[in-house]
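For reference, the structure is listed below as structure tokens.
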């Protein structure tokens, strides 16, 4: 069975000029993410993981290569990040190490905000947010502000927010780093479920070795390049090829 | 979802405290402008209300408000005979200090040319106008006198028969109205020793100036026929030589542009400084509020919020601080300025100008905040 990738990163490069030196934060990376796939990105600090996430998430433009969404190229050198904001809102959900919730909004409002920004009426947005949070086990915490939630609860609210628009792609940067092992595992299991049930493609940058068994694929970065790809699935989808994970 | 209101609601006490702070600044600005207006209003009170088209004063003097003036007490009859003059009244005013119930009271004793003028133009809030040629007085409420009180001025007792409100002179002393004849008597009061010395031809040892002005009036208040040419009347009286004629506009100019000029400039300068301080403080508050939210603004950009969502949040908060602060400031002003010893005149036109200034300040401040917010990049969430 061959399916089209949601996200395709092709020969993506991000080079910075620092005086006379060129820093190659990302150096010719190619990468696909398919619907329902949970992909882990691992590697030492400074290996280019987060840079890859910024480029894949349309938060930075590559200095070389391109990023395609569902077959359409949306980001390439010289493009406009500002012009991608609407696209990002509809297509990508983000989860970070810190939940980054808006502190003056309740859990439900944080989630509903994403929908309201997308012109969903307030009542419908609120209802959807409540259902989403209830599904993530936060039905009793709807009207609590972030300061009244535990780290794990905050992270689940952040995941609910990322899912609010039902985006086909979820990008997470060290989402379990601030959590203990039990809660970290719970969050990773949540990602696994979301990938399976919603058929969203999920990319997680992680240092947490305890949950690596949940990933479909592990892509290892070093010095801005992909150095290894490990396929955990019994039957791999598209075959790995040099430069394309 | 109104992000501005949500943000304010999450820390309401801080917002209210900010409003009170901004409000006090605006109260001070309203107060300075109001004090300026009040001083002008007080200074022009008699000129604008006594019903004078022309003032006949001592020759070579710009009296009776900007300079002293002393003319013959019968000058009103000479003026009355000039064609075009509808009425002429004598005017006397002198500052007096007297004791009442163990306290010193300072008043500006002003003569009404009874019976032509019984004080119908006064703002009597209690009691009545003058009904007797002697020993009745109408006092401003600021003097702390009540109806029926008896005060001693010179060698005579005067009964308070009426109370006015908001009638003070340019120095802020309350006006005390008596008949012109009484006012002249009060102004020329001398103690027994002075009288004795004067009788013995030794007036120069006493207060010579006071003695020379005794029995004289300060000015004649002239009302013109509607059809009269003021300039012609003025020219006729001016040709007498011993007096000068000033119009109402001349009196305005003398008071505002000469006598009160330094005070006005001083108050306006203070008002200017205060407005600058107000602008800086309000701008800083609004800008700081935006800076505190840069992380949230980056998050909003990350989740795809349009710039209009962010701009609206900043502008709404700036408006709430500016206009809310103005409302609080006006409330304070209305509550506390009536208790001040000098009149603080809060005029609708001045309030409109101030609210406009606050809107402009808030607008400029929020534009700085917006400019900063627009520079925030979504990826700063990761910082």
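The values are calculated or read from the model by the stated rules, or taken from the named source; none is laboratory data. Predicted, not measured: the structure shown is a model, and the values here were computed from it. Please note: Cβ atoms are built from the backbone with ideal geometry, for glycine as well, and neighbour counts cover all protein chains shown.
Quick notes
- For the range B:355-383, taking the residues that are within 14 Å of another protein chain (Cβ to nearest Cβ) and in a helix (DSSP H, G or I), the one that is nearest to residue B:313 (Cα to Cα) is identified as B:373.
- When residue B:109 is tested against the conditions (1) within 20 Å of residue B:172 (Cβ to Cβ); (2) part of a helix (DSSP H, G or I); (3) in contact with a strand residue (DSSP E or B) (Cβ under 8 Å, 6 or more places away or on another chain), the lone failure is (2).
Yes/no per residue for (1) in contact with a strand residue (DSSP E or B) (Cβ under 8 Å, 6 or more places away or on another chain); (2) surrounded by fewer than 21 Cβ atoms within 10 Å (Cβ to Cβ); (3) free of Cβ contacts under 8 Å to residues at least 60 places away in the same chain:
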residue	(1), (2), (3)
A:156	no, no, yes
A:173	yes, no, no
A:180	no, yes, yes
A:199	no, yes, no
A:215	yes, no, no
A:221	yes, no, no
A:225	yes, yes, no
A:228	yes, yes, yes
A:232	yes, yes, yes
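- Restricted to the range B:241-323, the set of helices (runs of 4 or more DSSP H) holding at least 2 residues that are within 14 Å of chain A (Cβ to nearest Cβ) comprises B:261-292, B:294-302.
- Number of residues in the range A:56-84 that are in a helix (DSSP H, G or I) and surrounded by 21 or more Cβ atoms within 10 Å (Cβ to Cβ): the value is 2.
- Residue match in the range A:177-200 (condition: within 14 Å of chain B (Cβ to nearest Cβ) and in a loop (DSSP other than H, G, I, E, B)): yes
The rows are residues; the columns are (1) within 18 Å of residue B:293 (Cα to Cα); (2) at the interface with chain B (Cβ under 7 Å from one of its Cβ atoms); (3) more than 22 Å from the chain's Cα centre (by Cα).
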{"position": "A:94", "(1), (2), (3)": "no, yes, no"}
{"position": "A:97", "(1), (2), (3)": "no, no, no"}
{"position": "A:100", "(1), (2), (3)": "yes, yes, no"}
{"position": "A:104", "(1), (2), (3)": "yes, yes, yes"}
{"position": "A:109", "(1), (2), (3)": "yes, yes, no"}
{"position": "A:120", "(1), (2), (3)": "no, no, yes"}
{"position": "A:124", "(1), (2), (3)": "no, no, yes"}
{"position": "A:127", "(1), (2), (3)": "no, no, yes"}
{"position": "A:133", "(1), (2), (3)": "no, no, no"}
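- Filter result for residue B:3 (within 30 Å of residue A:145 (Cα to Cα), within 14 Å of chain A (Cβ to nearest Cβ) and either surrounded by 19 or more Cβ atoms within 10 Å (Cβ to Cβ) or modelled with pLDDT of 90 or more (or both)): yes
- Residue check, residue A:62 more than 29 Å from residue A:190 (Cα to Cα) and touching a helix residue (DSSP H, G or I) at 6+ places or on another chain (Cβ under 6 Å): yes
- Test: residue in the range B:41-52 that is touching a strand residue (DSSP E or B) at 6+ places or on another chain (Cβ under 6 Å) and part of a helix (DSSP H, G or I): yes
- Complete set of residues in the range A:201-213 that are in contact with a helix residue (DSSP H, G or I) (Cβ under 8 Å, 6 or more places away or on another chain) and surrounded by fewer than 18 Cβ atoms within 10 Å (Cβ to Cβ): A:210
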